[in-house]
Amino acid sequence: MRRRLIALTALALLAAACTAGGGSSEPVQTVDTSANHAPLTLTVWSDFSAREFKVTTDALNQITKKYPWLKIKHVGSKDDTAIERAMSGGNPPDVAISFTPDNAAKYCQTGAWQDLNPYLQADKVDKNAVWPAGVFSYTSFENKQCALPMLTDAFGLYYNVDLFKKHGITAPPKTVSELADMAKKLTEYNPDGSIKVAGFVPLFGFYGSTTPNTLGHAFNAKWYDESLKPTLASDPNWAKMLQWQKALVNAIGYGKLQRFAASIGGANSEFSPQNGFETGKIAMMLDGEWRNAFIEGDKSTVNYATAPFPVDDAQADLYGAQQVGGTIAGIPKGVKHAAESWLLLRFMTTDSNYLTTLAHGLKNVPSTFEALKDPALQNDPHFKTFMDIFQNPKSTFKPITPIGIADVDMFLTFATKWQAGKVGDLNAGLKGLDSQISKQQTLG
Amino acid sequence: MATVAERPAAPPDQDRAAARRRRRRAAWRRQRVALLFMSPWIIGFSAFYVYPMASSLYFSFTKYDILSQPRWAGLSNYRFMFTSDPQFWVSLKNTLWIIVFLVPLQVIFAIAAATALTKVRHGLSLYRTIFFLPSMVPLVAATLGFLYLLNPAGPINRLLHLLHLPEPLWFVDPRYTKPGLTLIGLWGIGQIMIIFLAALLDVPKQLYEAAEIEGAGPWQQFRHVTLPMISPVIFFSLIIGMIQGFQYFTQAYVVSKAGERTNPIGYPQDSLLFYLSHLYQQGFERFHMGYAAALSWVMFIVTMSCTIALIRSSRRWVHYQGGFR
Amino acid sequence: MTAVPRAGAAAAVSRRPVSFAIRRHRILMSVANHSVAIALSLAFLLPFVFIMATALMTNQQVLSPNIWPHPFVWSNFKTVFQSFPFLRYTLNTVTYAGLATVGVLLSCTPVAYALSRLRWRGRQVAFMLVLSTLMLPPQVTIVPLYVIFVRLHWIGSLKPLIVPLFFGDAFTIFLLRQFFMTIPEELSDAARVDGANELQILTRVIVPLAKPALAAVALFQFLYSWNDFFNPLLYAGSNPNSWTLAVALQQFTNLSRGVLWNLQMAASLLFMLPVIVIFFFAQKVFVEGITLTGVKG
């Protein structure tokens, strides 16, 4: 009797140990593509909408040509919160696409998105041969690869060639001082003093590409040290960037800038045909490479060119680098057909045909070595700027941590206070921000 | 006058016992029927109040993100709340702003509007309809409407421009977001106003006449006749307003999320971060369910304390017609 | 005029010279009072006017210096139906509000009856408990309720919104109880003498008499559910097929496409419309219902 009990206990402990071990020790199933399959429809969720949604849906349907038994249902306008709620609600999509790589660390750590290393190993995919090293910084955390890039983004400067000519500017700015000077020069006013055309809108919280992240990158400002301790106060480049930004805001006028922003439709005009740059109301804009596709899609007549974004005067060797990193995709925990989900995900992240079609349609930067070679994109002068920025070794994404976008949110709240003149002591403010982020890390 | 001999004879013991048993059975039957009638509420109360409250208390001592099992965390959620979460204090302050400022302002405005209507002779029901209608409008629609009206380039600012008045940035400027919410709040006082109107019309005219004879002017009449007579309604409005104020969410959420999509709830600068907004963000956007449960219990204690305080204070200033309740 | 005038004559004499001044005073006061009322009315109506005007503009006109639409784009309302699955959201909202109302009426009537017209042990305690849930902030229960509904796989549907209302609602119970208490006991007693059981008394005596209160309660619940935002956002927000109009309207401010104010205002008006229509037809019920809660509360 006692022996049986011991045996049972041992078995139970063994079972517990196995299930508690986590995904990486378990064998994963992959799909035998040559065998017959019952028809299956997999759902893919993304935050795409309108034109981008259609482009992505068409590209995704390419997989049905390859595997006729596999159909894709693509649902758009699903941001990370929606996907997380679906996961917590117990019915996640089969593959999830996210625009917020900041959350990848959280997904990796909690297992919300499955570790893909076993799948990659089972299919004998050599990660480093397929993807440039940079992408792993925003798709993996602590040795778990819970996401893969589906195309990527790079940020740069868009400028209105006609307005440049009008004000006698011959070349785009290379340093932030030049940017500030040109911004002031290019700003045109209405008779009542309000802004008619803005040279550059340095406001945080207006368009989504002007963030402490992207501006901070131009100054080589670092979020965290190796132990993931926040360095917003200890890295002097943050203060430098914030001082530069505020000086420019004050020079043009905070109230005037806000009113101008509201008059062209506010933050919501960013992805509409009323976008300030596309309608010629903003002369220079920091934006991602997707803007090329929007300009074309919205049939904007703006005569524009692209260039790397200006950098800190004292760190001129940074020129040509900016924030990179973008759309990621993964397999949520609890999907019903993990093997098929992996088949789809692998297609979405490695198939060159799919990636180049998508890159052409979305004008996003290709994420695999193969797709980067595409001649059509290489020969597009507007677009090539961003491909080069992506391949610049100094271009990075912000370090990702398990607190997801909480740090970005906190910095944004601080930055909007700062630009409105509500922060008296910048250093103390940054120290407070560091402390707030550290404490948030303890919440877990 | 019955004599001892004429009093009816006492029923024999058996009959008394039988009567007692019959009464007990009847009482038990009544109890059963009552419980049957109460059963929907009993089930609902246990399943949707008692159990969740106990469960929520448990969760408040854990770290829980739904995807995995809850992990015991002791008091760490509470410690984080009081020592490491500046947004907790901000949200508390913002919510107290509603309780201490917005709700009383709404009550005052409702009384003022109702008073204006009591003096009107013709078209009372038309005015009443107009004043009441905005309070029927769904909050989302009302907030969107005001987001447009108070857009920095919108109609109200253009009106102010014509009048050469300063044009605030309203919902973009953290100093003006709460005034913007105040406007929405005042626009929707119709329901309370109707109650005040009924109460004001209910005040017996003799009291006013008596006061006038004693030489009281209109303001004194208001202070010494009207206010005490409508004080139960004031109390009622304050309690309801306070309970709803602690749950203020929709307007703030709609305004915050109407800007840049990636803006956090409470944008700009946490000026719109109310307690429930903070709880919602922590629990249902960041999935810190244990922390959200802890936040909810603190709110429970605060709400109960404030409600009890208000009820206690009411004994001193609320005047009920015809004695105690 | 005699030295001791009769009351009437004296009154007649004193009325004439004074009445002009008094009348002028009264007219001025009336104008003043009406001005205040008119001013307030304009303030309350102005937002409606602007919302309506914007709903009829083209998108270029929306934040431009023109305050008045020119031309009137009535087709905006049709565009709303074409751009979003407006019909589905309306259906969801009607389902939620309708079933909620039914549930509340079915479950709260017997409970209110038991609390007001039956004598039983624990009645006071039960009533206190009902009142206490009125003052309970719902925050305390939403986290575990959400978890329960996750386990039941009800998240993303309207079930978490509707089902609990078939098990009582404190506000409705309170209102109905107050009303039931005003119905004379003799009517119940007479029915009991006739041999009716409690259920028959409830359905044949009380309910017919309580129609105004039941109508008011039904109206309140319907409108509360129609306007509800937080609960549909929380429980059904993750599934656009289950969105109610309130949630859908808010979510569309975030379309990457950029907000179109004219369509937003048009959609808001369509959302408000049923409420306003119901209000106009049921005004009396409304006002009586509200005074029922407030004054007698």
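The values are calculated or read from the model by the stated rules, or taken from the named source; none is laboratory data. Note that the structure is predicted; figures quoted are calculated from it, not measured. Positions of Cβ are generated from backbone atoms using ideal geometry, with glycine treated the same way; all protein chains shown enter the neighbour counts.
Condition test on C:Leu270, is it on the phi < 0 side of the Ramachandran plot and modelled with pLDDT of 85 or more?
On the way: on the phi < 0 side of the Ramachandran plot: yes; modelled with pLDDT of 85 or more: yes.
Yes.
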Just to be sure before I move on: is A:Pro332 within 14 Å of chain C (Cβ to nearest Cβ), of a type outside the set (A, V, I, L, M) and under 30 Å from A:Pro118 (Cβ atoms) in the structure I sent?
yes
Inspect region A:385-407 for any residue being within 14 Å of another protein chain (Cβ to nearest Cβ), assigned to a helix (DSSP H, G or I) and either surrounded by fewer than 21 Cβ atoms within 10 Å (Cβ to Cβ) or in contact (Cβ under 8 Å) with a residue 24 or more places away in the chain (or both) and give the result as yes or no.
yes
Would you point out which residue out of A:Asp351, A:Asp388, A:Asp313 is acidic (Asp, Glu) and closer than 30 Å to A:Asn91 by Cα?
A:Asp351
Residue count, region B:267-281, condition at the interface with another protein chain (Cβ under 8 Å from one of its Cβ atoms) and either under 17 Å from A:Val408 (Cα atoms) or surrounded by fewer than 24 Cβ atoms within 10 Å (Cβ to Cβ) (or both), comes to 5
List the number of the failed condition for B:Gly245; all other conditions in (1) closer than 19 Å to B:Thr182 by Cα; (2) more than 9 Å from every other protein chain (Cβ to nearest Cβ); (3) in a loop (DSSP other than H, G, I, E, B) hold.
(3)
Which members of region C:209-252 meet the condition of being among the β-branched types (Val, Ile, Thr) and over 30 Å from A:Gly90 (Cα atoms)?
C:Val217
Of the residues in region A:421-432, those that are at pLDDT 90 or above and facing chain B (nearest Cβ under 10 Å) come to A:Gly432
Check region B:153-160 and report whether any residue there is more than 30 Å from C:Ala248 (Cα to Cα), more than 8 Å from every other protein chain (Cβ to nearest Cβ), of a type in the set (A, V, I, L, M, F, W, C) and more than 30 Å from the chain's Cα centre (by Cα).
yes
Is it the case that region A:266-289 has a residue that's within 14 Å of chain C (Cβ to nearest Cβ), in contact with a Leu (Cβ under 8 Å, 6 or more places away or on another chain) and part of a helix (DSSP H, G or I)?
no
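Output yes when any residue across region C:173-192 is crowded, with 18+ Cβ neighbours inside 10 Å and in contact with a Pro (Cβ under 9 Å, 6 or more places away or on another chain), and no when none is.
yes
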For the structure I just gave you, tell me whether B:Pro168 is assigned to a loop (DSSP other than H, G, I, E, B) and surrounded by 21 or more Cβ atoms within 10 Å (Cβ to Cβ).
no
When you look at C:Leu99, is it away from chain B (no Cβ under 14 Å), touching a helix residue (DSSP H, G or I) at 6+ places or on another chain (Cβ under 6 Å) and over 30 Å from B:Thr95 (Cβ atoms), yes or no?
yes
If you take the residues in region C:66-96 that are touching a residue at least 40 places away in the same chain (Cβ under 8 Å) and among the polar types (S, T, N, Q), which one is farthest from C:Trp261 (Cα to Cα)?
C:Thr95
Looking at region B:73-91, which of its residues are in a loop (DSSP other than H, G, I, E, B) and aliphatic (A, V, I, L, M)?
B:Ala73, B:Leu75
Note on A:Ala50: of the conditions (1) surrounded by fewer than 19 Cβ atoms within 10 Å (Cβ to Cβ); (2) out of contact with any Lys or Arg (no Cβ under 6 Å at 6 or more places or on another chain); (3) hydrophobic (A, V, I, L, M, F, W, C), unmet is (2)
Quick test for you: out of A:Lys106, A:Lys78, pick the one residue that is in a helix (DSSP H, G or I) and among the basic types (Lys, Arg).
A:Lys106
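Can you spot a residue in region A:24-33 that is under 30 Å from A:Trp223 (Cβ atoms) and surrounded by fewer than 16 Cβ atoms within 10 Å (Cβ to Cβ)?
yes
Listed residues C:Phe77, C:Phe84; which is surrounded by fewer than 23 Cβ atoms within 10 Å (Cβ to Cβ), among the hydrophobic types (A, V, I, L, M, F, W, C) and at pLDDT below 85?
C:Phe84
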Could you pull out every one of the helices (runs of 4 or more DSSP H) wholly within region B:92-154 that has 3 or more residues that are crowded, with 19+ Cβ neighbours inside 10 Å and either at pLDDT 90 or above or outside the structural domain of B:Glu167 (by TED's automatic domain parsing) (or both)?
B:103-118, B:139-149
Do you know which residues across region A:152-172 are among the aliphatic types (A, V, I, L, M) and surrounded by 24 or more Cβ atoms within 10 Å (Cβ to Cβ)?
A:Ala154
Taking region B:173-196 only, how many residues are within 11 Å of chain C (Cβ to nearest Cβ) and not in a helix (DSSP H, G or I)?
2
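Looking only at region A:42-69, which residues are in a helix (DSSP H, G or I) and among the hydroxyl-bearing types (Ser, Thr, Tyr)? So that I can check it myself, show each step before the final result.
Restricting attention to region A:42-69, the residues satisfying the condition of being in a helix (DSSP H, G or I) are A:50-60, A:62-66.
A:Thr56, A:Thr57, A:Thr64 - these are the residues of region A:42-69 that are in a helix (DSSP H, G or I) and among the hydroxyl-bearing types (Ser, Thr, Tyr).
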Output the qualifying pairs, or none if there are none: Cβ atoms under 7 angstrom, residues six or more apart or on different chains, first residue in region C:24-35 and under 11 Å from B:Lys119 (Cα atoms), second residue surrounded by 11 or more Cβ atoms within 10 Å (Cβ to Cβ).
C:Asn33/B:Ala116; C:Asn33/B:Lys119; C:Asn33/B:Val120; C:His34/B:Val120
Does any residue in region C:154-167 that is within 9 Å of another protein chain (Cβ to nearest Cβ) and over 17 Å from C:Cys108 (Cβ atoms) come within less than 9 Å, Cβ to Cβ, of a residue that is surrounded by fewer than 22 Cβ atoms within 10 Å (Cβ to Cβ) and of a type in the set (Asp, Glu) six or more places away or on a different chain, and which pairs are these?
none
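Could you tell me which residue of region A:162-217 is farthest from the other protein chains (Cβ to nearest Cβ), considering only residues that are among the aromatic types (Phe, Trp, Tyr) and over 13 Å from A:Leu286 (Cα atoms)?
It comes out as A:Phe164.
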Identify the residue in region B:197-220 that is assigned to a loop (DSSP other than H, G, I, E, B) and either hydrophobic (A, V, I, L, M, F, W, C) or surrounded by 15 or more Cβ atoms within 10 Å (Cβ to Cβ) (or both) and, among all such residues, is nearest to the other protein chains (Cβ to nearest Cβ).
B:Val203
Could you tell me whether any residue of region C:159-181 is in the same structural domain as C:Tyr89 (by TED's automatic domain parsing), over 25 Å from B:Ser56 (Cα atoms) and over 22 Å from the mean Cα position of the chain (by Cα)?
yes
Run B:Met229 past the list (1) touching a helix residue (DSSP H, G or I) at 6+ places or on another chain (Cβ under 6 Å); (2) within 14 Å of chain C (Cβ to nearest Cβ); (3) more than 12 Å from B:Val103 (Cα to Cα) and report the number of the one that doesn't hold.
(1)
